[in-house]
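A short worksheet on the structure shown next.
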Amino acid sequence: STWNRILSNESTKNIIRKSFCDAAEISVTKFKESVLPETTPELDEQEEIELILRDNKYSQYVVHGGQQSTDEVVEAIPVNFVGGYLAFFKMSHKIITATDIIFNNGKHISLKVPADLQVGDFVVVRAADHDVIRDIADAILVNSGKSSYRELSGKWKEALVVESLFSSIEDIYQKLRAAGCSKDFPTVRRWMTDEDVIAPQHKEDILCIAQVTEDAVLMEIADQVYKAARTVRAAHTQAGRYLSGELKSTIALELQSFGEIDPFNIWDPVSLTLENIGLVRILKVIDIGDSALIDAGNTNRLIEEM
């Protein structure tokens, strides 16, 4: 018959054979995709050991559920540096970085919160547990006869701290909104939790705070608090410019003494003594962990691992 002649044709046989083979191959592939687990490359043994050691290093500082703490507990991000140094930075802490100066011969430092740090960044930390820029700014204020401005500029925050003993941040925010404050909730929360906030940008916000907290003294001196905050803020800006210049010139000299240096291969902290500042260390970030609850006393300072 016609069908028998077609099926017996050699060309037709090859087509049918190929179709069955292709179908079988597709079936096997689909079976593998749906049933067989994907294979993932195993961690290098050294990387795995380093990961375990890193987690163990962090865990001794982490406050676990039910654990008693003698200090305030805060959320912080662990950062590992060259030379065996470790730091836990509060989420809102401003970190001085000199990455651009070292890599690109840039002119300015930059400030980053921990979440914005990257492996390979170069962080500037004072050997003494102090905020470098704040200390320089305070020296500027003292030299200009305005040493009292720091305390005066913080009167608005004192009022909020007292109010927070009786009300939650959410309640304070709602009261501020009712009093005419236009700021959003994240801004109000930052006013109350960010240690680096000098003062609200507008005097009207200070007046709202005085009204909500029923602080008659703050209401009376709101204009002075606002002006003092502007002076303190300007001192911080001046301090940042000064530190940028000092670091740029000093880092350049320090690195020249080592000859040609590849920034990707700096594996020891660079220690510098800056006039009127003292000893600072420039450390390369080699690892950044996940945020955890840490005793406040262990945050925003260098911890040297033995």
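Every number in this text was worked out from the coordinates using simple rules, so none of it is lab data. Just so you know, these numbers come straight off a predicted model, no measurement behind them. Methodologically, a virtual Cβ is constructed for each residue, glycine included, from the backbone with ideal geometry; neighbour enumeration extends over all protein chains shown.
Could you sort out which of K94/K157; K107/K227; K146/K248; K90/K175; K175/K227; K112/K155 sit more than 21 Å apart by Cα distance in this structure? Long pairs (Cα-Cα over 21 Å): K107/K227; K146/K248; K90/K175; K175/K227; K112/K155.
Amide H to amide H, which residues 5 or more places from D287 or on other chains are under 5 Å from it, using H placed in the peptide plane? For D287, the qualifying residues are N80. Residues whose amide H falls under 5 Å from that of V63, counting only those 5 or more places apart or on a different chain, are L293, I294, D295, with hydrogens built in the peptide plane.
What the phi angles of the stretch 290-300 give under the Karplus curve with 6.51, -1.76 and 1.60, with θ = phi - 60°, is a coupling list of 7, 4, 8, 8, 10, 4, 4, x, 9, 9, 6 Hz, glycine and proline written as x.
Computing FRET efficiency as 1/(1 + (r/R0)^6) for N143 and T273, where r is the C-beta to C-beta distance and R0 is 30 Å, gives about 0.90. Across the stretch 85-90, rounded Karplus estimates of 3J(HN,Hα) from the backbone phi angles (6.51 cos²θ - 1.76 cosθ + 1.60, θ = phi - 60°) give 9, 9, 9, 10, 9, 4 Hz, Gly and Pro being marked x.
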